[in-house]
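Each value in this text was obtained by applying a stated rule to the coordinates, not by laboratory testing. Being a predicted model, the structure only gives us computed values, none of them experimental. Here Cβ is always computed from backbone atoms with ideal geometry, including for glycine, and neighbour counts include all displayed protein chains.
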Amino acid sequence: MEIFLKFICLDIQELKTSTWFVIFMRFKAFVYVTLKSGYSDPEGETTANALTGLGYNVVSVRSSKAYEVIFEASDESNAEYLINEMCRRLLTNPTKDDYRIELSEL
């Protein structure tokens, strides 16, 4: 486990009198994003048709995205919170996407 120290100084005057260190751990998250059921998946349908055209007995294909995110957090609980926040704010569209996270400490 690698531990990273980051120096945090809230005020220049504090620097003269005290030192603050916060320990951050490094995490890796795999985020798998899929369309919610009921939403059209044109990319998956096109891929299924192409595979069928190549002679494979394909019933259906659903397309998805995968992200690998390496980031720092103070602990595992904070890491879970942060990666879920990243998903809600940028990586997924909550209206049409579902997501699943695999989180591990580096």
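Among 84-97, 23-36, 45-58, how do they line up by average Cβ neighbours within 10 Å per residue, starting with the highest?
23-36, 84-97, 45-58
In 10 Å bins starting at 0, how do the alpha-carbon pair distances of segment 26-105 split up by percent?
18, 37, 24, 16, 5, 0
Can you tell me the FRET efficiency between Ile70 and Asp97 if r is taken as the Cβ-Cβ distance and R0 is 22 Å, rounded to the nearest 0.05?
Computed FRET efficiency for Ile70 and Asp97: 0.50.
In what sequence do Glu80, Glu102 fall when counting other Cβ within 10 Å, fewest first?
Arranged by neighbour count, lowest to highest, Glu80, Glu102 become Glu102, Glu80.
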